[in-house]
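The values are calculated or read from the model by the stated rules, or taken from the named source; none is laboratory data. Quick caveat, the model's predicted, so the values are computed rather than measured. Cβ coordinates were reconstructed from backbone atoms using ideal geometry, including for glycine residues, and neighbour counts include every protein chain displayed.
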Amino acid sequence: MRRFLVVGHRASTSPEFPLDDLAGGAGRMDLLLTAANAALLVAHDVRRDSEAILLLLGPPDPPRAVRLVGDRLQSYGPDIRGNAGLIRKALFHGSRLERETSPGVFASRRGLPEVLEAIPEPVVHLREDGKDIREVELPRDVAFVLSDSADLSGEEEAVVARRRIAVGAVGPRSLHTSDTIAIVHNELDRRHRG
């Protein structure tokens, strides 16, 4: 299983966030949903071997974790506004215990340490100053930690550092989170064919 944990520092934790203003009123929820699409979608299908975990840290009620599991998703497609509706529904669940709120969509009130603790695979932190991903040994089952348009805080970096096996980068230029995920998928697809 490939897992992509995306930390959304401003992403709304209210189930009432505006579907018509995902970039502004929803705290750049558009970035997280685009990253989830990169993690979960291929042409005309969903990646069954992939999972996206969106960690929402914006107001009014952080933290919230929404986990999207490729092999269980039923109502998921390329339309980020439609997918935002699934996130809204998930945010109505306010327990620390994870619950499936729609097929393949799981929600909980967990922060970064708890989310990372639940990930069994080795963890690779992706950031601009990391080692070239082509030089990092990546097993078939691996998890990646990325951030939205803001870098991880010092405290978040320390939490990730306790679990990671490597710090990787996809190239010499700064890229969008969704583009980074697409490049990682391509690299893993080439390494682990079949």
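Observations on the model:
- Segment 36-49 - residue that is in a helix (DSSP H, G or I) and either of a type in the set (Gly, Ala, Ser) or in contact (Cβ under 8 Å) with a residue 60 or more places away in the chain (or both) and, of those, surrounded by the fewest Cβ atoms within 10 Å (Cβ to Cβ): ASN37
- Single residue of segment 83-107 satisfying the filter (basic (Lys, Arg) and at pLDDT 95 or above) that is nearest to LEU56 (Cα to Cα): ARG88
- Counting only strands (runs of 3 or more DSSP E) that fall entirely inside segment 94-194 and contain at least 2 residues that are surrounded by 13 or more Cβ atoms within 10 Å (Cβ to Cβ), of a type in the set (Val, Ile, Thr) and touching a Cys at 6+ places or on another chain (Cβ under 9 Å), no element qualifies.
- Every pair of residues 6+ apart whose Cβ atoms lie under 8 Å, when the first sits in segment 12-35 and is on the phi > 0 side of the Ramachandran plot while the second is loosely packed, with under 14 Cβ neighbours inside 10 Å and not β-branched (Val, Ile, Thr): GLY27/PRO59; ARG28/SER149
- For segment 158-169, a residue qualifies if it is in contact (Cβ under 8 Å) with a residue 12 or more places away in the chain, closer than 20 Å to GLY8 by Cα and not basic (Lys, Arg), and the qualifying residues are VAL159, VAL160, ALA161, VAL167, GLY168, ALA169.
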